[in-house]
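In what follows, a structure is listed as structure tokens, so that the remarks can point back to it.
Just so it is clear, none of the values below were taken in a lab; they were calculated from the coordinates. It should be emphasised that the depicted structure is a prediction, and the values quoted were computed from it without experimental measurement. Every residue, glycine as well, gets a Cβ built from its backbone with ideal geometry; the counts of neighbours run over all protein chains shown.
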Amino acid sequence: QVQLVESGGGLVQAGGSLRLSCAASGRTSSSYAMGWFRQAPGKEREFVAAINWSSSITYYADSVKGRFTISRDNAKNTVHLQMTTLKPEDTAVYYCAASLIIQRLVSEYRYWGQGTQVTVSS
């Protein structure tokens, strides 16, 4: 069992930056691949970024590539999503999730946090 708690969301102007954090707990949480997803009102949850357990592999959605960076600190059981050059279309609830292997599919992630709201004003 892995428990995930996100933090760091908030209101920011377009062009600004935010850093999301995800604190993981559980016996083997550092061995899981971690992903960030987001869900805007009326839309399906979508993949944002993912990182494998050793940080040697990262995936990004095309919409955030070059603007967002995912990282993890296994010693602290945390995963971060550094978001820069934010756009109004980045507004959503952001979720972190854990999976046995790094992937982009929502359905394959076993554990989820409760989400943190990110609002980007124009």
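The table below gives the values:
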{"read-out": "Hypothetical label at Val5: residues of the stretch 66-95 whose amide nitrogen lies under 17 Å (7 Å Cα-Cβ projection)", "value": "76-80, 95"}
{"read-out": "Set of lysines near Lys76 by C-alpha distance (under 27 Å), chain-local residues within fewer than 8 positions excluded", "value": "Lys65"}
{"read-out": "Stretchable slack from Gln114 to Gln39, in nm (0.36 nm times residue separation minus alpha-carbon distance)", "value": "25.8 nm"}
{"read-out": "Three semi-axes of the equivalent ellipsoid, the stretch 8-80, Cα gyration tensor, whole Å, largest first", "value": "22, 14, 13"}
{"read-out": "Relative contact order of the chain, defined on C-alpha pairs under 8 angstrom at six or more residues apart (%)", "value": "36 percent"}
{"read-out": "The stretch 1-53, relative contact order [Cα under 8 Å, separation at least 6], %", "value": "30 percent"}
{"read-out": "Packing rank of 92-102, 109-119, where each peptide gets the mean count of other beta carbons within 10 Å, highest leading", "value": "92-102, 109-119"}
{"read-out": "Counting all C-alpha pairs of the chain, share separated by more than 24 Å (%)", "value": "17 percent"}
{"read-out": "In nm, spacing of pseudo-spin labels at Lys65 and Ser31 (7 Å Cα→C-beta vector)", "value": "3.2 nm"}
